[in-house]
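**Student:** Below are the structure tokens for one structure; questions will follow.
The values are calculated or read from the model by the stated rules, or taken from the named source; none is laboratory data. All figures in this text were calculated on a predicted structure; none of them were measured in a lab. Because the Cβ atoms are built from the backbone with ideal geometry, glycine has one as well, and the counts that use them run over all protein chains shown. Heavy atoms of the whole protein, side chains included, go into the accessibility calculation; ligands, DNA and RNA do not. Shrake-Rupley method; radii C 1.70, N 1.55, O 1.52, S 1.80 Å.
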Amino acid sequence: MTTEKENSSLASSVIWTPTTIQEALAKKKEFGADACFISGGTLLQLQWENGNKVPKHLISLQLIQKMQGIEVERDHDCKVLSIGALSTLATCQNHSLVTMERKLLSEAVKHIAAPAVRNQATIGGNIAGRSGDVIPALLVMDAEVSLCNKVSSLKKSVWSWLKDKEDQQDDLLTQVHLPINEQERNMHYFYKKIGRREAFTAAIVTVAGSMSLNELGELDHVRLAVGGGDNLPHRLEATERLFKGEKLSTVTWKEVYSSILKEFLPTTDAFLSADYRKKVAAHIIISELQELVFPSLK
Ligand SMILES: Cc1cc2nc3c(=O)[nH]c(=O)nc-3n(C[C@H](O)[C@H](O)[C@H](O)COP(=O)(O)OP(=O)(O)OC[C@H]3O[C@@H](n4cnc5c(N)ncnc54)[C@H](O)[C@@H]3O)c2cc1C
């Protein structure tokens, strides 16, 4: 049942509280650009404080049961950790299935905001905001998202969803899926958020990576991703290709460094240049990869 009530702090907005995905989509269809979905509201709150217009209609997703919960499911031969989009960042950090099966997510979330924000903010909102610090970690885990809009529902990789230039304002992100297969057990991962101080800080850059070695000792699955702050998260696909079929002893690190500088196009602001962010990202990625390759460097 959809209920309507006046919002006292956002006096001119109406908050809708649908209890099903279909009701939420129907409200979005009814009000179009005058409405937006709201989960934890923590990113929207920042945007409104920065002068963005508060929409006339807010469609709260909080009561939709189907977007809650974390469980391991089977998708053909593969096990998948499925996370409801309404799961808070605190839940993603501490849930036993996440810490057991996909520790990198728990690690990434730990670096986002402060505990009070993580208790309210959701993983769906972090992704849908398109610049969340969790996205680089999801990219290197080959995560997928379930999306619903007024005409269809589908599952696609986070990477293709980010690359999709179509207007996705009406898409409702309902779940996040992380594969857990046998190969995953042999994967090595890293995640680093670099800020101006150790904690409670916006990112200068966020980097993540994953790699595995095949039985011939060749790198056969390297994923590298960047993001953080106002930098749009993306994979470094050209740099990833430099590792394909290489043995650890044959990787040309200088080439990797130059490729990251070329492929990562971060923002410049009043405090830090794009050039500085590129170099930070390249140094961190190389040092983290080398630690994975040669653990004795730690
Ligand atoms: C003090 C403070 C510090 C912060 N620090 C960080 C940080 O370090 N790193 C970081 O990444 N973020 C940070 N944030 C931003 C924010 O907390 C996170 O990005 C959070 O995960 C957003 O989730 P939310 O549920 O609050 O999203 P909301 O604010 O509810 O929504 C964010 C956007 O996503 C859309 N949306 C929400 N849910 C869905 C859905 N299921 N389907 C489709 N669209 C949806 C909304 O319409 C909106 O456009 C910070 C915020 C605050 C207030």
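**Student:** For segment 87-138, enumerate the residues that are over 14 Å from the mean Cα position of the chain (by Cα) and among the hydrophobic types (A, V, I, L, M, F, W, C).
**Tutor:** ALA90, LEU97, VAL98, MET100, ALA113, ALA114, ALA116, VAL117
**Student:** Still on this structure, I have one more. Within segment 51-105, can you find the residues that are of a type in the set (Ser, Thr, Tyr) and assigned to a loop (DSSP other than H, G, I, E, B)? Give the steps one after another, and end with the answer.
**Tutor:** Let us first name the residues in segment 51-105 that are of a type in the set (Ser, Thr, Tyr), namely 60, 82, 87-88, 91, 96, 99.
Once the filter is applied, which keeps residues that are of a type in the set (Ser, Thr, Tyr) and assigned to a loop (DSSP other than H, G, I, E, B), segment 51-105 yields only SER87.
**Student:** Has segment 2-13 got at least one residue that is aliphatic (A, V, I, L, M) and either under 21 Å from ASP171 (Cα atoms) or outside any strand (DSSP E or B) (or both)?
**Tutor:** Taking segment 2-13 first, the residues aliphatic (A, V, I, L, M) are 10-11.
If we keep only those that are either under 21 Å from ASP171 (Cα atoms) or outside any strand (DSSP E or B) (or both) too, we end up with 10-11.
Taking every residue of segment 2-13 in turn, at least one turns out to be aliphatic (A, V, I, L, M) and either under 21 Å from ASP171 (Cα atoms) or outside any strand (DSSP E or B) (or both).
**Student:** Out of the residues in segment 128-146 meeting the condition of being open to solvent by less than 10 Å² (accessible area, probe 1.4 Å) and farther than 19 Å from GLY40 by Cβ, tell me which one is nearest to the ligand (Cβ to nearest atom).
**Tutor:** Step by step, filter segment 128-146, then rank; the result is PRO136.
**Student:** Go through (1) assigned to a strand (DSSP E or B); (2) modelled with pLDDT of 95 or more and name the single condition PHE31 misses.
**Tutor:** All conditions pass for PHE31, except number (1).
**Student:** Would you call GLU144 at pLDDT 95 or above and of a type in the set (Asp, Glu)?
**Tutor:** On the way: at pLDDT 95 or above: yes; of a type in the set (Asp, Glu): yes.
Considered against the rule, which asks whether it is at pLDDT 95 or above and of a type in the set (Asp, Glu), GLU144 comes out as yes.
**Student:** Ok, one more. Within segment 117-146, which residues are of a type in the set (A, V, I, L, M) and assigned to a strand (DSSP E or B)?
**Tutor:** So the first thing to find is which residues in segment 117-146 are of a type in the set (A, V, I, L, M), and the list is 117, 121, 123, 127-128, 134-135, 137-141, 143, 145.
Once the filter is applied, which keeps residues that are of a type in the set (A, V, I, L, M) and assigned to a strand (DSSP E or B), segment 117-146 yields only VAL145.
**Student:** Would you mind telling me which numbered condition in (1) modelled with pLDDT under 95; (2) open to solvent by less than 40 Å² (accessible area, probe 1.4 Å); (3) more than 22 Å from GLU288 (Cα to Cα) THR122 fails?
**Tutor:** If we test THR122 against (1) modelled with pLDDT under 95; (2) open to solvent by less than 40 Å² (accessible area, probe 1.4 Å); (3) more than 22 Å from GLU288 (Cα to Cα), just (1) comes out false.
**Student:** Out of everything in segment 147-170 that is in a loop (DSSP other than H, G, I, E, B) and either surrounded by 22 or more Cβ atoms within 10 Å (Cβ to Cβ) or basic (Lys, Arg) (or both), what residue ends up being modelled with the lowest pLDDT?
**Tutor:** Narrowing segment 147-170 to residues in a loop (DSSP other than H, G, I, E, B): 149-152, 164-170.
Okay, now just the ones that are also either surrounded by 22 or more Cβ atoms within 10 Å (Cβ to Cβ) or basic (Lys, Arg) (or both), so 150, 165.
Working: LYS150: 78, LYS165: 68.
The extreme case among them is LYS165.
**Student:** Something else now. One residue is enough: does segment 14-23 have a residue meeting the conditions of a type outside the set (S, T, N, Q), surrounded by 19 or more Cβ atoms within 10 Å (Cβ to Cβ) and either more than 14 Å from the ligand (Cβ to nearest atom) or not in a helix (DSSP H, G or I) (or both)?
**Tutor:** Taking segment 14-23 as the starting set, the residues that turn out to be of a type outside the set (S, T, N, Q) are 14-16, 18, 21, 23.
Still in the running and surrounded by 19 or more Cβ atoms within 10 Å (Cβ to Cβ): 16, 18.
If we keep only those that are either more than 14 Å from the ligand (Cβ to nearest atom) or not in a helix (DSSP H, G or I) (or both) too, we end up with 16, 18.
Scanning segment 14-23, I find at least one residue that is of a type outside the set (S, T, N, Q), surrounded by 19 or more Cβ atoms within 10 Å (Cβ to Cβ) and either more than 14 Å from the ligand (Cβ to nearest atom) or not in a helix (DSSP H, G or I) (or both), so the answer is yes.
**Student:** I've got another one for you. For segment 246-265, does any single residue satisfy the condition of being under 24 Å from VAL109 (Cβ atoms) and open to solvent by less than 60 Å² (accessible area, probe 1.4 Å)? Show your work before the answer.
**Tutor:** We begin by selecting, within segment 246-265, every residue under 24 Å from VAL109 (Cβ atoms); these are 264.
Next, only the ones that are open to solvent by less than 60 Å² (accessible area, probe 1.4 Å) stay: 264.
So far as segment 246-265 goes, yes, one or more of its residues are under 24 Å from VAL109 (Cβ atoms) and open to solvent by less than 60 Å² (accessible area, probe 1.4 Å).
**Student:** Considering only segment 63-86, I want to know if a residue exists there that is β-branched (Val, Ile, Thr), within 15 Å of the ligand (Cβ to nearest atom) and over 20 Å from the mean Cα position of the chain (by Cα).
**Tutor:** Scanning segment 63-86 turns up at least one residue that is β-branched (Val, Ile, Thr), within 15 Å of the ligand (Cβ to nearest atom) and over 20 Å from the mean Cα position of the chain (by Cα).
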